[in-house]
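Colleague: Right, I'll just put the structure down here and ask away after.
What follows draws every value from the coordinates through simple rules; no lab data is involved. No experiment lies behind these values; they were computed from the predicted model shown.
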């Protein structure tokens with residue numbers, strides 16, 4: 001029987017995807033928070049510059065490029081006070097057979113992720 005991924009499991013999957021990209025791009029992790037409502041999820045250093053990155057897993061029919069402007073404005077204000085840059089990373093995770101169905105454990109899924117969006 002198929003087991004749908006929980007919100008936390010989807011969030012962890014999104015965190016892994018973004019984390020691997022950050023690592024490949026030469027970011028150094030200063031802090032990682034895997035709780036979906038505790039922001040930012042990643043605090044990183046690159047080229048001596050601090051980066052605050054908010055990660056969200058996004059399910060169909062939502063667009064992973066759309067973000068909560070109010071939340072991101074708060075993160076951006078906090079980042080500026082720390083002389084940091086703020087980014088949003090929306091990770092679309094969809095069932096490969098039917099986007100209307102949830103993503104299931106150990107089953108194929110579609111990934112829609114275009115990288116960091118500077119706020």
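Colleague: Which shape class applies to segment 66-119: rounded if a/c is under 1.5, otherwise prolate when a/b exceeds b/c and oblate if not, where a ≥ b ≥ c are the square roots of the Cα gyration tensor eigenvalues?
Modeller: The shape class here is prolate.
Colleague: Using Cα atoms only, what is the angle between the long axis of helix 7-24 and the major principal axis of the chain, expressed in degrees (0 to 90) to the nearest 10?
Modeller: That works out to roughly 50 degrees.
Colleague: Grab the DSSP H runs of the chain that are 4 residues or longer, score each as -39,500 (n - 2.57), total them, divide by all residues and round the 222 nm result to the nearest 500 deg cm²/dmol.
Modeller: Helices in the chain give a 222 nm mean residue ellipticity of -8500 deg cm²/dmol.
Colleague: What do you get when you divide the Cα radius of gyration of segment 7-118 by 2.2 N^0.38 Å, with N the number of residues? Walk me through the numbers on the way to the answer.
Modeller: Working: Rg = 14.2 Å, N = 112, 2.2 N^0.38 = 13.2 Å.
Computed over Cα atoms of segment 7-118, the ratio equals 1.07.
Colleague: Separate question: Rounded, prolate or oblate for segment 1-67? Axes are the square roots of the Cα gyration tensor eigenvalues, ordered a ≥ b ≥ c, and the cut-off for rounded is a/c under 1.5.
Modeller: prolate
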